[in-house]
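Quick notes on the structure that follows.
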Amino acid sequence: MLPASGLNAAVESADFITIDPHKAMMASSLDKIRVKGGTRLNGTIPISGAKNAALKHMCAAMLTGDAMQFTNMPVRLKDIQTLAALMKEMGADITLRSDGTMFIQAANIHSTEAPYDLVRRMRASVLIMGPLLARFGEATVSLPGGCSIGTRPIDLHLDGFRAMGAEIILEEGYVKATAPQGGLRGARIAFPKVSVGATENLMMAATLAQGETILMNAAREPEIIDQGEALIKMGAKISGLGTSEIRITGVKSLHGIVHDVLPDRIETGTFMIGVALTGGTIRLQKTRLDFLTSLVGPLQRAGVTIETEGADVIAHRNGKPLIGTDIMTEPYPGFATDLQAQFMTMLTLCEGAGMVTETIFENRFMHVPELQRMGADITVHGNSAIIRGVKKLHGAEVMATDLRASVSLILAGLVADGETIVDRIYHLDRGYENLVEKLESCGAQIERLSNQPAV
Ligand code: EPZ
């Protein structure tokens, strides 16, 4: 195994991970991953804390000057380190410990601006806006622009802040938001479309607003419930978490807490799909199957056995062929868009055919041409794809386009004939902790080809 590389913006010692904010904003590894197909996955994988909850908890730490402590944080993820770098630049005091503990204290914030170079690398940095606006009365965040899975506007976030009395100015690619005299005001906000990010941003902002805010057609993801529960521990008044109507009554101030981040359901689902493809038995430790009901049904129909044992999930497939099955992505509790690419990869080897319909993002089929290069039979019609099962995939040099597309190519490589090289794996570093090591421990022939020059 070659050492991990890239510009060393994050340096890990026995106990701590040190972040250099300036390098973190520039670093982007050009490493590749080589996979040799043909081995079954058998073993045990510890599941990390959920990236998409962890990032929001970090933003929420901006709501108080008190010390916050989070455990089960996926501290090795690039997105977590990038956000830590941004918050450090703003004046927050942050310590990342190798055991997954993070300490944050935002007592001395001297800047409320999130620059373009960072926001373009990680869209989730727009989630810092709600907390900054609520606590300091102002926030300046670069407009994120499009990304590989679609245009991804932030209009729902901004309309919500306006409804709470904020003035929003768009200037030179930046959004400048200013709270009215006396702070944000509670409002009734009916989202025209379900949005995870807008629900979270406005829920955070509303915790310190005057009066009651009602979020209607709110998102119901487990990560939003986790965030809401942490906010309640901090002293926020929130009801309706996990339903499509969340009510928040603003309080004067919030206080520090200790919070354990929930397990990553997308990482869990990715490994379950992995073993469906390769065959074998894997035990996924310290996770939650109840967050994955929309995946369990289709996997069982395809021929995978799934059990739980305490907090562990055990997924198993014997040598029988996978049966083609259809899925459609939807807001939670529907099938997660973040598992769509992996599921499509599984269908490439099914008996018969399966259909995948993507309803969340308009451009989330970027993995299709790469899978086709490996021999998959996929026809795309608008936002649906028909996948007709083939006997074999063939190893190839493929290019990752976003986080979940990247991992779907790694999964394809695990069952392809010969060798697959996945390029641009910096996407993977954003969202999968120790992916190579975890798969290797279950018998996969996988290695990271490191020390390419970084940009
Ligand atoms: C979150 O993105 C996740 N990111 C995504 O995870 C995930 O794919 C997505 O939710 C859907 O589940 C984080 O949590 C950091 P949305 P988010 O707002 O909040 C449109 C991954 O791989 N929309 O629910 O940005 C939007 O374009 C990723 O980990 C507007 O039109 O997603 C999309 O079509 C990538 N206007 C739909 O709503 C807005 O103001 C849902 O997006 C906001 C969103």
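Odds and ends about this structure:
- Within the range 192-211, no residue that is under 16 Å from GLY165 (Cβ atoms) and near the ligand (Cβ under 9 Å from one of its atoms) sits with its Cβ atom under 8 Å from a residue that is outside any helix (DSSP H, G or I) and basic (Lys, Arg) at 6+ positions apart or across chains.
- Residue match in the range 407-428 (condition: within 15 Å of ILE266 (Cβ to Cβ) and modelled with pLDDT under 95): yes
- When each of ILE238, ILE224 is tested for being within 22 Å of LEU133 (Cα to Cα), of a type in the set (A, V, I, L, M, F, W, C) and open to solvent by 10 Å² or more (accessible area, probe 1.4 Å), the lone residue that passes is ILE238.
- Enumeration of residues in the range 139-170 that are within 11 Å of the ligand (Cβ to nearest atom), modelled with pLDDT under 95 and open to solvent by less than 30 Å² (accessible area, probe 1.4 Å): PRO144, ILE149, GLY150, ILE154
- Filter pass, GLY389 being surrounded by fewer than 24 Cβ atoms within 10 Å (Cβ to Cβ) and assigned by TED's automatic domain parsing to the domain that holds GLU370: yes
- Screening the candidates VAL368, VAL407, VAL415, VAL436 for the property of being more than 16 Å from the ligand (Cβ to nearest atom), outside the structural domain of SER98 (by TED's automatic domain parsing) and under 14 Å from ILE33 (Cα atoms) yields one hit, VAL436.
- Cross-chain or 6+ apart pairs with Cβ under 8 Å, the range 428-452 first and among the hydrophobic types (A, V, I, L, M, F, W, C), then open to solvent by 40 Å² or more (accessible area, probe 1.4 Å) and not in a loop (DSSP other than H, G, I, E, B): VAL436/GLU447; CYS442/ASN42; CYS442/THR44; ILE446/ARG34; ILE446/LYS36; ILE446/GLU440; LEU449/LYS32; LEU449/ARG34
- Candidates are the residues of the range 29-44 that are out of contact with any Ser or Thr (no Cβ under 7 Å at 6 or more places or on another chain) and either within 13 Å of the ligand (Cβ to nearest atom) or outside any loop (DSSP other than H, G, I, E, B) (or both); the one that is most open to solvent (accessible area, probe 1.4 Å) is LYS36.
- Every test in (1) touching a residue at least 24 places away in the same chain (Cβ under 8 Å); (2) open to solvent by less than 60 Å² (accessible area, probe 1.4 Å); (3) part of a strand (DSSP E or B) is passed by PRO131 save one, and that test is (3).
- Residues in the range 95-121 that are open to solvent by 10 Å² or more (accessible area, probe 1.4 Å), assigned to a strand (DSSP E or B) and touching a Phe, Trp or Tyr at 6+ places or on another chain (Cβ under 9 Å): THR95, ARG97, PHE103, GLU113.
The values are calculated or read from the model by the stated rules, or taken from the named source; none is laboratory data. Computed from a predicted model, the values in this text were never measured in an experiment. With ideal geometry, Cβ positions are generated from the backbone for all residues, glycine too; neighbour counts draw on all protein chains shown. Accessible surface areas use protein heavy atoms only, side chains included; no ligands, DNA or RNA. Shrake-Rupley method; radii C 1.70, N 1.55, O 1.52, S 1.80 Å.
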